[in-house]
1. Give me the net charge for the shell around residue 70: Cβ to Cβ below 14 angstrom, other residues only, Lys and Arg +1, Asp and Glu -1.
2. To the nearest 0.05, what FRET efficiency results for residue 145 and residue 22 with a Förster distance of 35 Å applied to their C-beta separation?
3. Taking the simple approach of a point 7 Å from Cα along Cα-to-Cβ for both residue 44 and residue 225, what is their distance in nm?
4. Sketch the reach of a paramagnetic label on residue 115 as a point 7 Å from Cα along Cα-to-Cβ, and name the residues of the stretch 45-85 whose backbone nitrogen lies under 11 Å away.
5. Check each of the chymotrypsin sites (Phe, Trp or Tyr not before Pro) in the stretch 111-189 and keep only those in coil by DSSP with at most 16 other C-beta atoms within 10 angstrom; list them in order.
6. To the nearest 10 square angstrom, how much accessible area does residue 64 have with a 1.4 angstrom probe?
7. For the stretch 67-146 and the stretch 195-221, what is the separation of their C-alpha centers, rounded to whole Å?
8. Separation of the stretch 29-48 and the stretch 234-275 by C-alpha centroid, Å?
Amino acid sequence: MPTTDFEINGKKYAVSIDGSPEFNFGENAILAGPNTDIVYHLPWYKEGYVAQDFMSKEEFASLKSGLTESVKKIITQELGIDTAGFTLEKYHHFVKENKDHYKVVGRTRDLFPGDFNFPIEAIIPKFEELLGFSLSDVDPKSGEKLHIIVRINRPQSNDYNPPHKDIYEEFDQNNYIPPFVNLWIPIAGVTENSSLPVVPESHQIPESEILRTFDGGVVQGNVYRVRMIREWAGSHKLKRAEVKDGQVLFFSSHLIHGLAVNEEQDLSRVALEFRLFKA
């Protein structure tokens, strides 16, 4: 069975890529630039990502409480089980089977502001202040409102995407680079053993040095739409982003990220994940 090796914070991981599409290098070009990356001018652009405070302890507690109720409601609707005592960190104690988890995440990865028990759109001005420009959750090309993902990653599971760039699908299909910034907000169970891995400065690597698929990917038997990256500038190393409660991780849409293996023994990791366009 074909496998490929990665390294996260110095720890090696061998993952199966059996059934994955063919891997190839791209053209000799850097796709990120002043006209294709809306965070190009920001002071943290060299690294390609930054964690910044945006919520008080009280605001974060309200966000987490509202999200807990939202996930709890979906579990009840989809599985009809008793959720007394439910917490996000102990999600895996309630949703134990893969088939049940897939029912839940089938809902949680395609949500809109109205699906939440808190005014999620009210926090967009906070992001605008930090970035220095106006934002929108409407795709300027399609006119569609973008969904919000509640990413639930059970401990010691395969609940993660392969390393990838978020621009690739649209670029491969339509030769178009959407003008958005990525936002990743830790909600529960985010530790040095479970945080999102990124590849610092990888948005500046030429495509001719990035070995990837051009039509989805397969990791550990899971099939993904995102294009899987196997190697970048001869490297397979990622670094877990350090993001605390009440912070948001901004990162370039051109930055390589993923393979968020949850190494915790008894903590589910939950994070909010979405994109915002420059208005």
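The values are calculated or read from the model by the stated rules, or taken from the named source; none is laboratory data. The structure presented is a predicted model; accordingly, all values stated were derived computationally and were not measured. Positions of Cβ are backbone-derived with ideal geometry, glycine not excepted, and every protein chain shown enters the neighbour counts. SASA here: full protein model, heavy atoms, side chains in, ligands and nucleic acids out. Shrake-Rupley method; radii C 1.70, N 1.55, O 1.52, S 1.80 Å.
1. Numbers: positive: 64, 72, 73, 107, 109, 151; negative: 69, 78, 110, 115.
Once all neighbours under 14 Å are counted, the net charge is +2.
2. Working: r = 35 Å, r/R0 = 0.99.
Efficiency for this residue pair is about 0.50.
3. Distance between the two pseudo-spin positions: 2.7 nm.
4. The answer is 71, 74, whose backbone nitrogens lie closer than 11 Å to the label point.
5. Details: sites: 116, 127, 133, 160, 168, 171, 176, 180, 184; in loops: 116, 133, 160, 176.
Hits after loop and neighbour filter: 133, 176.
6. 50
7. When both Cα centres are located, 26 Å separates them.
8. 19
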